[in-house]
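The values are calculated or read from the model by the stated rules, or taken from the named source; none is laboratory data. The structure presented is a predicted model; accordingly, all values stated were derived computationally and were not measured. Cβ placement follows ideal geometry from the backbone for every residue including glycine, while neighbour counts extend to all protein chains displayed. Surface accessibility is based on the protein's heavy atoms, side chains included, excluding ligands, DNA and RNA. Shrake-Rupley method; radii C 1.70, N 1.55, O 1.52, S 1.80 Å.
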Amino acid sequence: MRREREEWSEIPRKGASDVRFVDSHVHISDYAEQDGTLRLAQACRFVLFAASVDEKTSRATLQAAGAPGSVVRAFVGQHPSEAAKHAPLDWFEPALRQATGAGELGLDPRYPGAGSEGAQMTAFIRQMETVEEARKPVQVHSRGAERDCLEALATFNTRGVLMHWFEGEDEVPRVADKGYYASFGPALLYSKRLQRMALRLDPDLVLAESDGPVPFAALGGAGGPALVPSVVLKLAELWGLPFSDARDRIARNSLRFLG
Ligand SMILES: [Zn+2]
């Protein structure tokens, strides 16, 4: 067991052959029973790119990533749902220094403070300035604001951008042109629109995610990292690849996104 744990701590440096699956976007800090989720992930040779939504969840995510042999890679940041609360962001830069990357940041018209001059854009830009300076990868939340997010991102020289749970079908050419990554979650199993998008994107820029613990009603309420192999299987079917080829390709893409 100890030997296995040591190997896990080496994973990002050793390459995709040691990783079976990467859940590229999961809120591990939201799991009441975090230990069981992490143990399952470790047993199945998963790596979890864990996103945060505010200072508190960012600190919890950093703590989960800091445990010996952890399969968690911490992404810290303020979600657009939090921007209108005008909480200070002075914690973000020191947290990002300790983290693998930033996330989830972005824009979402369902929450207050949207619009080009709103609190969401202010928080997004402020965090992106820090991300650019730190040269770290970023997970972007763009639901319903895909074009605005991409326009804001174009003003930054970023190292790795992941458009998480990307739904902007009209913006697929722009994402492809910029070389950004896009991740698909369990909704890919039943959404024809997402399946069309997955077919139009470069398979070398596609990642898989769960956005756990979000439950999927269309999948009987299931959710979490355990659904990632089903997402990979769907991508393999769409791309006409053997499952193991798609799995290895997506794991490689995920590690490349980290830089
Ligand atoms: Zn999320």
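Quick notes on this one:
- Matching residues, the range 88-118, being within 23 Å of Lys136 (Cα to Cα) and out of contact with any Ser or Thr (no Cβ under 8 Å at 6 or more places or on another chain): Pro88, Leu89, Asp90, Pro94, Arg97, Gln98, Thr100, Gly101, Leu105
- Answer residue from the range 61-86, given it is under 22 Å from His25 (Cβ atoms) and open to solvent by 20 Å² or more (accessible area, probe 1.4 Å) and is nearest to the chain's Cα centre (by Cα) among those: Arg73
- Residue match in the range 218-230 (condition: open to solvent by less than 40 Å² (accessible area, probe 1.4 Å), touching a His at 6+ places or on another chain (Cβ under 9 Å), touching a residue at least 24 places away in the same chain (Cβ under 8 Å) and not β-branched (Val, Ile, Thr)): no
- The residue that is farthest from the ligand (Cβ to nearest atom), counting only those in the range 174-213 that are free of Cβ contacts under 8 Å to residues at least 12 places away in the same chain and part of a helix (DSSP H, G or I), is Asp177.
- Selection count, the range 57-84, where residues are within 16 Å of the ligand (Cβ to nearest atom) and either under 17 Å from Ala32 (Cβ atoms) or not hydroxyl-bearing (Ser, Thr, Tyr) (or both): 15
Matching residues to (1) open to solvent by 50 Å² or more (accessible area, probe 1.4 Å); (2) modelled with pLDDT under 95:
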{"residue": "Gly101", "(1), (2)": "no, no"}
{"residue": "Ala114", "(1), (2)": "no, yes"}
{"residue": "Ala123", "(1), (2)": "no, no"}
{"residue": "His141", "(1), (2)": "no, no"}
{"residue": "Thr155", "(1), (2)": "yes, no"}
{"residue": "Phe166", "(1), (2)": "no, no"}
{"residue": "Tyr181", "(1), (2)": "no, no"}
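- The number of residues in the range 231-258 that are touching a Pro at 6+ places or on another chain (Cβ under 7 Å) and open to solvent by 10 Å² or more (accessible area, probe 1.4 Å) comes to 4.
- Of all residue pairs spaced 6 or more apart or on separate chains, those with beta-carbon atoms under 9 Å, a first member in the range 22-48 that is on the phi < 0 side of the Ramachandran plot and within 16 Å of the ligand (Cβ to nearest atom) and a second member that is part of a helix (DSSP H, G or I) and open to solvent by 70 Å² or more (accessible area, probe 1.4 Å) are Ser29/Lys56; Ser29/Arg59; Ser29/Gln63.
- Hits in the range 128-139 (condition: surrounded by fewer than 23 Cβ atoms within 10 Å (Cβ to Cβ) and either assigned to a helix (DSSP H, G or I) or within 16 Å of the ligand (Cβ to nearest atom) (or both)): Met128, Glu129, Thr130, Glu132, Glu133, Ala134
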